[in-house]
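Visitor: What follows is a single structure, and I will ask about it in a moment.
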Amino acid sequence: MNPSRPHVVIVGGGIAGLAAAFFLRDEPVRVTVLEGSPRLGGKLSVSEVAGVPVDEGAEALLVTRPEGTGLIAEVGLAGDRMAPGTTSSAIWTLGALRPLPRRQFMGVPADLDELTRSGVVSDAGAVRASQDLELPPVTRDGDVPVAAFVGARFGAEVVDRLVDPLLGGVYAGRSCDLSFDATMPVLAAASRRYRSLAEAAGSLLPPPGGTRSGGSVFTTLSGGLGQLPVVLAKASGAEIRTGAMTRALSPAPGAPGAGRGWRLTVGSAAADELIDADAVILAVPARPAGRLLAGVPGASAAVTAFGEISYASMAIITLAYPRSAFPGASSGSGLAALGLSGYLVPAVDGRDVKAVTFSSVKWPHLAEAAPGAEPLEIVRCSVGRIGEEALLQRADEELAALAAAELAAATGVAGAPVVHRITRWGGALPQYTVGHLDRVARIRTAVAAQPGLAVCGAAYEGVGIPACIATARAAAGQVTEFLRGGRQ
Ligand SMILES: Cc1cc2nc3c(=O)[nH]c(=O)nc-3n(C[C@H](O)[C@H](O)[C@H](O)COP(=O)(O)OP(=O)(O)OC[C@H]3O[C@@H](n4cnc5c(N)ncnc54)[C@H](O)[C@@H]3O)c2cc1C
């Protein structure tokens, strides 16, 4: 490490902060990552359940965008990539597990006959949905909630039983609040070219009967996606500090005018430490980003916009059962007999669990990894739709019991799980509500006016890991460009 090199400080050691550090590894800079918690990785974390490493947070990486798989390859983990056993999902609604229509885009159906056959909506709901093909265009001025636009085309049932649970699976949010432009940008753009929204959705899918070339759209790592942060941190060559909560950010004192560096206050009020930096990347959620920018003159527009981004909290309840507990066990296939990677549960069906992943079916290597004579089935249940915070106040044992009871009702599993693990994620997912794109534009404009400051992470252009990595690459590029300019 060369102390005479410009110093870049990255606040936040989640996937975005660590990716930004990695992208700076070949630049003539000294990089420090300040992670407030004792652990790196943020929403990426893995721990053992019954001796098997199972992700506690993010578990599936989209391969249709290059950023995630590219980074995995660059850090030398390509050989650890695992393919899913199945990605067929279901909706648990109207009293049964019903296949998620294959020809849909984030729940927006492209094939209305398939929607009818799926039984996900009632007969009356299917008739209403088919009106999309005849209705005059629905015009919209500016951003609208997903539910408003999709509901106007297909009716409330498609929104409630398909789109809402799918959006809930990604954002833990509700379609009546989430922005059509921000959460489904490609479909929102296509919907301006087609009168029918089903046709617009179809234009984004492979042709009927066709499949995407190259296999599944998801991948994971054999040791869990949660193994990526530590490997990334090491590969970045940066100085990595955990337990380094950054409490304040301000222009470096004595710097006449802007552009002469930054000062960060780190640690507890009783024993704080001052760190100077030539450039700073904030890779933290909206709330801490807003708090840190409050000390920066001229950044009030960003502070206000950050304050408008709310977060959903959730919990992941991981359960393990002996394979024989599932009805399909007599055929030897256990949970795999259902042919599903899991199911989503619409809020209108009144259940607490909103999504279930059959982890040992979706990722067969997990079933094989279980030590002991009998294979284990591992299931992840997710609770906490936005507004359901009271549910998350319940004790671990209660959450495990309610998840097990609902799983039994859906799958017929007998008996109690042999192990349970509860992971609570406070402030888990930013809500891209109506106006999100405008909020992000205000933040980006205000931050760009601050010399040597950049932001990245899930609060901006997508919550998925590839989108977070894309913002990290952009932030690394911005500070590099600034520092190069400064040296001219
Ligand atoms: C349960 C769950 C499941 C998910 N599943 C998937 C999935 O399967 N696939 C997918 O692509 N995405 C998934 N996501 C979304 C994705 O994991 C996240 O959006 C992404 O990991 C966020 O990364 P980040 O670096 O932006 O933020 P974070 O992971 O939140 O990292 C920010 C870091 O900053 C630290 N920090 C905060 N304030 C300070 C401060 N003042 N000083 C120092 N450090 C600070 C935090 O401790 C944290 O470590 C999931 C999210 C959750 C919660």
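Visitor: Would you be so kind as to identify which of VAL186, GLY224, VAL9 lies farthest towards the positive end of the dipole of the chain, taking Lys and Arg as +1 and Asp and Glu as -1 on Cβ and the Cα centre as origin?
Guide: Checking the options against the dipole of the chain, the answer is VAL9.
Visitor: Going by Cα centres, the stretch 367-438 and the stretch 17-81 are how many Å apart?
Guide: Going from one Cα centre to the other spans 23 Å.
Visitor: So what J values fall out for the stretch 270-286 if you push phi through Karplus, 6.51 cos²θ - 1.76 cosθ + 1.60 with θ = phi - 60°, rounded to Hz, Gly and Pro as x?
Guide: The phi angles translate into 5, 9, 8, 10, 9, 10, 9, 9, 7, 8, 10, 10, 8, 10, 10, x, 4 Hz.
Visitor: Using a Cα-Cα cut-off of under 20 Å, which lysines could be cross-linked to LYS354, ignoring same-chain neighbours fewer than 8 residues away?
Guide: Within reach: LYS43, LYS362.
Visitor: While we're on this one: Determine the principal axes of the Cα atoms in the stretch 35-79, then give the extent along each, sorted from largest to smallest and rounded to whole angstroms.
Guide: 30, 29, 19
Visitor: Work from the charge dipole of the stretch 322-423 (Cβ charges, +1 for Lys and Arg, -1 for Asp and Glu, about the Cα centre) and give the residue of ALA416, ALA405, PHE326 farthest towards its positive end.
Guide: PHE326
Visitor: Oh, and also: Place a +1 charge on the Cβ of each Lys and Arg in the chain and a -1 charge on the Cβ of each Asp and Glu, then give the dipole magnitude about the Cα centre in debye, rounded to the nearest 20.
Guide: Approximately 940 debye in magnitude.
Visitor: To the nearest 10 degrees, how steeply does helix 436-448 sit against the main Cα axis of the chain, on a 0 to 90 scale?
Guide: Computed tilt is about 20 degrees.
Visitor: At a threshold of 8 angstrom on Cα-Cα distance, excluding pairs fewer than six apart, so keeping six or more, what relative contact order does the stretch 271-416 reach in percent?
Guide: It rounds to 24 percent for the stretch 271-416.
Visitor: Same structure, new question: Find the accessible area per residue for the chain; the probe is 1.4 Å, ligands and nucleic acids are left out, and the unit is Å².
Guide: Each residue of the chain exposes 40 Å² on average to a 1.4 Å probe.
Visitor: Taking a 1.4 Å probe, which of ASP177, ASP141 shows the most accessible area, and what order do the others take after it?
Guide: These residues rank, largest area first, as ASP141, ASP177.
Visitor: Could I ask something else about it? Quick check: at a probe of 1.4 Å, how many percent of the accessible area of the chain sits on carbon and sulfur atoms?
Guide: 54
Visitor: If Lys and Arg each add +1 and Asp and Glu each add -1, what is the summed charge of the other residues whose beta carbon sits under 9 Å from the beta carbon of PRO375?
Guide: In short, -2.
Visitor: Each residue of the stretch 176-182 in order: what ³J(HN,Hα) in whole Hz does its phi give by Karplus 6.51 cos²θ - 1.76 cosθ + 1.60, θ = phi - 60°, with x for Gly and Pro?
Guide: So the Karplus estimates, Gly and Pro as x, are 6, 10, 6, 7, 4, 5, 8 Hz.
Visitor: Using only protein heavy atoms and a 1.4 Å probe, report how much of LEU71 is accessible, in Å² to the nearest 10.
Guide: About 0 Å², ignoring ligands and nucleic acids.
Visitor: In whole Hz, with x marking every Gly and Pro, tabulate ³J(HN,Hα) for the stretch 94-99 from phi via Karplus 6.51 cos²θ - 1.76 cosθ + 1.60, θ = phi - 60°.
Guide: The phi angles translate into 6, x, 8, 7, 10, x Hz.
Visitor: Please work out the Cα center distance from the stretch 303-345 to the stretch 96-138, rounded to the nearest Å.
Guide: Measuring centre to centre over Cα atoms gives 24 Å.
Visitor: Hey, if we sort VAL217, VAL345 by accessible area with the 1.4 Å probe, largest down, what's the order?
Guide: VAL217, VAL345
Visitor: Based solely on its DSSP helices, what 222 nm [θ] is calculated for the chain when runs of n ≥ 4 H residues each add -39,500 (n - 2.57) and the sum is averaged over all residues, nearest 500 deg cm²/dmol?
Guide: -9000 deg cm²/dmol
Visitor: Give me the accessible area of THR219, 1.4 Å probe, in Å² rounded to the nearest 10.
Guide: Accessible surface of THR219 is approximately 0 Å².
The values are calculated or read from the model by the stated rules, or taken from the named source; none is laboratory data. Predicted model, so just to flag it, every value in this text is computed and none were measured. All Cβ positions, even for glycine, are placed from backbone atoms using ideal geometry, and neighbour counts span all protein chains on display. When the accessible area is computed, the model is the full protein with side chains, heavy atoms only, and any ligands, DNA or RNA have been set aside. Shrake-Rupley method; radii C 1.70, N 1.55, O 1.52, S 1.80 Å.
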